[in-house]
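Have a look at the structure below before the remarks.
The values are calculated or read from the model by the stated rules, or taken from the named source; none is laboratory data. Remember, it's a predicted structure, so these values are computed and weren't measured experimentally. Every residue, glycine as well, gets a Cβ built from its backbone with ideal geometry; the counts of neighbours run over all protein chains shown. We work out accessible area using only protein heavy atoms, side chains counted, and drop any ligands, DNA or RNA first. Shrake-Rupley method; radii C 1.70, N 1.55, O 1.52, S 1.80 Å.
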2 protein chains.
Amino acid sequence: MLSLYQRNKGQMHWFYSQNIKKDEILLENEEAQHALKVLRLHTGDHVHVTDGLGNLFLCEISHLEKKAVRARIIEKKEKYKARDFKIHIAIAPTKNISRFEWFLEKCTEIGIDRINPIICKHSERKIIKPARLNKIIIAATKQSQKAQIPSLEPLMKFQDFISLENQSQKFIAYCDYEINTHLIHLAKAKSDCTILIGPEGDFSPDELKSALNMGYQTCGLGPERLRTETAGIIACNAIHFINQ
Amino acid sequence: MLSLYQRNKGQMHWFYSQNIKKDEILLENEEAQHALKVLRLHTGDHVHVTDGLGNLFLCEISHLEKKAVRARIIEKKEKYKARDFKIHIAIAPTKNISRFEWFLEKCTEIGIDRINPIICKHSERKIIKPARLNKIIIAATKQSQKAQIPSLEPLMKFQDFISLENQSQKFIAYCDYEINTHLIHLAKAKSDCTILIGPEGDFSPDELKSALNMGYQTCGLGPERLRTETAGIIACNAIHFINQ
């Protein structure tokens, strides 16, 4: 039998399911529709299914019904492609939500573990639709063939977020701060990281002060003037580069 | 008088003009409309104007007309924030053009010098609209406060592109290549770089072979499976990181 990795190099389709039994997986709703109507899969076809929690299953389609697809589990791989560092970004959602959606898609592709949308003093957006955003994250997880779905946390206030217990390396990206060492020179490899990314108008001086009081360290993301969503992607990418 | 840099930290508006005389600049068409109707600027207001060729002008609005705005040049800065390395990416435009547009916007923000859209064996898109794409590049140049507009070259065939005379470091990002050293471990700092990024179906084995024959070196962009536009952004970002 081919290993999961070898099969993975081909064009096998990826699905997401939360309905996983001992030796069978049920694909439901949109996942079943995609298998039936878009891909037109048949009994006997092999597919990859992830539970979004790090497990990857190689399966064989066993039953096709009108609204559900059953697949027999052939092989299970735990902690599929798990990294030895976690990336956690707390970011102010952009006024134009499509920019925030791009950030979610790109960071999911590059590899991120947790996203905390935060409301800051200069935030222009104070509402998000988690269901839509989670769909984007799940699609990007499948498309980039990952088994772990990044966790999108509920929107919370900046002050509440920085007060949370957090044992990782903690950074605040602040555009105008005078001592602006680049994140790649500050973060340690193989170590979890939390990075705060501010809204279009940046963090307020009070927010910066509060973050410093809570043990956050300022960092830069290079000399260029970046949009919020670009700063988020570059921060995520920087942690991956440090770990190369 | 404040230096350009100090003024730049404030919210002064940026414009682009190709009509620059010895001591006066004319803002035309959309730039004039933006100044008049969106920003509602007045005589005496200070603005930044770039010629897109690396020069930045601090100006004072001197005349407002119906379809044009004249500005007196107060100060000129040549080679504004010029880098000591050039980034040149040759990339296959994506099937969904908005993904390619997003690549152009983000690389302009991060900093890129030249983009060559290329047609590869597995390319699904063989037409682009340069006028629309250049508008996106100019908007991102102004928004990220740069004086040099990246050059978007005409679409050309992969084979023609790699045959061009090119004295920079040359890389081809190839997903499935076995020896897949990350670009950040291969590219040298303070040195110009050209990177080839393939279409959704990657480069063909023949294309890889031709590129190697023309002196290109294979490189990886990390262990993750990336979309074309994400690979382009990560490659651009990697060269910036090397130069930090």
Seminar exercise, completed: Those trypsin sites (Lys or Arg not before Pro) from segment B:189-230 that are DSSP loop and have at most 14 other Cβ neighbours within 10 Å turn out to be B:LYS190
For this session: As a check on your grasp of the helix formula, calculate [θ] at 222 nm for chain B: sum -39500 (n - 2.57) over DSSP H runs of n ≥ 4, divide by the residue count, round to the nearest 500.
Result: -8000 deg cm²/dmol
Problem set entry | Cα Rg over Rh - segment B:4-77, Kirkwood | 0.92
For this session: Name the most mobile residue of B:ILE115, B:ILE61, B:ILE91, meaning the one with the largest mean-square fluctuation, in a Gaussian network model of chain B with Cα contacts below 10 Å.
Result: B:ILE61
Problem set entry | Neighbourhood net charge (12 Å Cβ-Cβ; Lys/Arg +1, Asp/Glu -1) for B:ALA189 | +1
Exercise. What net charge do the residues around A:ILE97 carry, taking every other residue with its C-beta under 9 Å from that of A:ILE97, with Lys and Arg at +1 and Asp and Glu at -1?
Worked result: +4
Problem set entry | Cα extents of segment A:107-210 along the three principal axes, largest first (Å) | 41, 34, 25
For this session: Return one quarter of the surface area of the convex hull spanned by the alpha-carbon atoms of segment A:85-128, equal to its mean projected area, in nm².
Result: 3.1
For this session: Using Cα centres only, tell me the gap between segment A:204-244 and segment A:64-107 in whole Å.
Result: 23
For this session: Could you size up the charge dipole of segment A:45-179 around its Cα centre, putting +1 on the beta carbon of Lys and Arg and -1 on that of Asp and Glu, and report it in debye to the nearest 20?
Result: 400
For this session: Quote the FRET efficiency, to the nearest 0.05, computed for B:ASN213 versus A:LEU39 with a Förster distance R0 of 25 Å and r equal to the Cβ-Cβ distance.
Result: 0.05
For this session: Please calculate the 1.4 Å probe accessible area of B:SER163, with all protein chains present, and give it to the nearest 10 Å².
Result: 70
Exercise. If you build a Gaussian network model of chain B, linking Cα atoms that sit under 10 Å apart, which residue out of B:LYS129, B:LYS37, B:LYS77 swings the most?
Worked result: B:LYS37
Exercise. Given +1 on the Cβ of Lys and Arg, -1 on the Cβ of Asp and Glu, and no further charges, what dipole in debye does segment A:87-242 carry about its Cα centre, rounded to the nearest 20?
Worked result: 460
Exercise. Given that compact globular proteins tend to follow 2.2 N^0.38 Å, what is the ratio of the alpha-carbon Rg of the protein assembly as shown to that value?
Worked result: 1.05
Exercise. In what order, largest first, do A:ARG83, B:ARG132 sit by accessible area if the probe radius is 1.4 Å?
Worked result: B:ARG132, A:ARG83
Exercise. When N is the residue count of segment B:56-144, what does its C-alpha Rg come to as a fraction of 2.2 N^0.38 Å?
Worked result: 1.42
Seminar exercise, completed: Here the whole-number average of other chain Cβ atoms within 10 Å per Cβ of A:32-45 is 0
Problem set entry | Cα Rg over Rh - segment A:184-244, Kirkwood | 0.96
For this session: Output the relative contact order of chain A, whole-number percent, from Cα pairs under 8 angstrom with separation of 6+ residues.
Result: 19
For this session: Quick one: accessible surface of B:MET214, probe radius 1.4 Å, all protein chains present, in square angstrom to the nearest 10.
Result: 80
Problem set entry | Label 7 Å beyond Cα on the Cβ vector: B:GLU65 copy-to-copy distances, nm | 7.5
For this session: With the full set of protein chains in place, find how many percent of the accessible area of segment B:106-147 is carbon and sulfur; take the probe as 1.4 Å.
Result: 56
For this session: Quick one: dipole size for the protein assembly as shown, taken about the Cα centre, charges +1 on Lys/Arg Cβ and -1 on Asp/Glu Cβ, in debye to the nearest 20.
Result: 480
Seminar exercise, completed: In terms of the charge dipole of segment B:4-77, which places +1 on Lys and Arg and -1 on Asp and Glu at the beta carbon, the residue among B:ASN29, B:GLN11, B:SER62 farthest towards the positive end is B:GLN11
For this session: Rank B:GLU101, B:GLU109, B:GLU31 by mean-square fluctuation in a GNM of chain B with C-alpha springs under 10 angstrom and give only the top-ranked residue.
Result: B:GLU31
Seminar exercise, completed: Expressed in nanometres to one decimal, the distance between label points 7 Å along Cα→Cβ at A:GLN18 and B:LYS86 is 5.3
Seminar exercise, completed: For segment A:120-163, inverting the pair-averaged 1/r of distinct alpha-carbon atoms gives a Kirkwood value in Å of 12.3
Exercise. Can you count the Lys pairs in segment B:87-242 with C-alpha separation below 21 Å, eight or more apart or on different chains?
Worked result: 25
Exercise. At each listed q (0.11, 0.13, 0.15, 0.16 Å⁻¹), what is the log10 of I(q)/I(0) that the Debye formula gives for chain B modelled as equal alpha-carbon point scatterers?
Worked result: -0.63, -0.81, -0.98, -1.06
